[in-house]
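Okay, so here's the structure we're looking at.
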Amino acid sequence: MEILNKKAIIEAVAEKAGLSKKDAKEVVEATFDTIVGALADGNKVDISGFGKFEVKERKARMGVNPSNGEAIEIAASKSVGFKAAKALKESVK
């Protein structure tokens, strides 16, 4: 199993689009920055045929410290959720 990292994505984009690696890097980084900026502003990102990114909010809740069993309060937080599009799901079957 291979891991596709940012460098490999840049190389693949450069090859497929006929760009230099420098230009492909700018395109990939601009794409990621745009997605991150939209999520940071509270927007959803919907890429047709790929999937949807959105910020999910978790409420504060009570938990248990596993080392001593004491009750602790877990603060509210935000996380990014991703839901794959039907086309993406079908392409990996």
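Give the residues of the stretch 29-54 that are in a helix (DSSP H, G or I), surrounded by 11 or more Cβ atoms within 10 Å (Cβ to Cβ) and among the charged types (D, E, K, R), sorted by residue number.
Glu29
Those residues that are of a type in the set (Asp, Glu) and surrounded by 13 or more Cβ atoms within 10 Å (Cβ to Cβ), I need them from the stretch 1-25; list them, please. Outline the logic, then answer.
The initial filter retains those residues of the stretch 1-25 that are of a type in the set (Asp, Glu), namely 2, 11, 15, 23.
Across the stretch 1-25, the qualifying residues are Glu11, Asp23.
Any idea which of Glu26, Glu57 is more than 15 Å from the chain's Cα centre (by Cα), over 28 Å from Glu90 (Cα atoms), part of a strand (DSSP E or B) and of a type outside the set (A, V, I, L, M)? Spell out the reasoning first.
Details: Glu26 fails: part of a strand (DSSP E or B).
Selected residue: Glu57, the only one of Glu26, Glu57 that is more than 15 Å from the chain's Cα centre (by Cα), over 28 Å from Glu90 (Cα atoms), part of a strand (DSSP E or B) and of a type outside the set (A, V, I, L, M).
From the set of residues in the stretch 80-93 that are modelled with pLDDT of 95 or more and not in a helix (DSSP H, G or I), which is farthest from Ala40 (Cα to Cα)?
Ala85
Considering only the stretch 55-85, state which residues are open to solvent by 80 Å² or more (accessible area, probe 1.4 Å) and among the β-branched types (Val, Ile, Thr). Please lay out each step first, then the result.
Initially, the stretch 55-85 is screened for residues open to solvent by 80 Å² or more (accessible area, probe 1.4 Å), giving 56-59, 61-62, 64, 66-68, 70, 73, 78, 80, 82-83.
Within the stretch 55-85, Val64, Val80 meet the criteria.
The values are calculated or read from the model by the stated rules, or taken from the named source; none is laboratory data. Nothing here was measured: the structure is a model prediction, and the numbers come from that model. With ideal geometry, Cβ positions are generated from the backbone for all residues, glycine too; neighbour counts draw on all protein chains shown. With ligands, DNA and RNA removed, areas are computed over all heavy atoms of the protein, side chains included. Shrake-Rupley method; radii C 1.70, N 1.55, O 1.52, S 1.80 Å.
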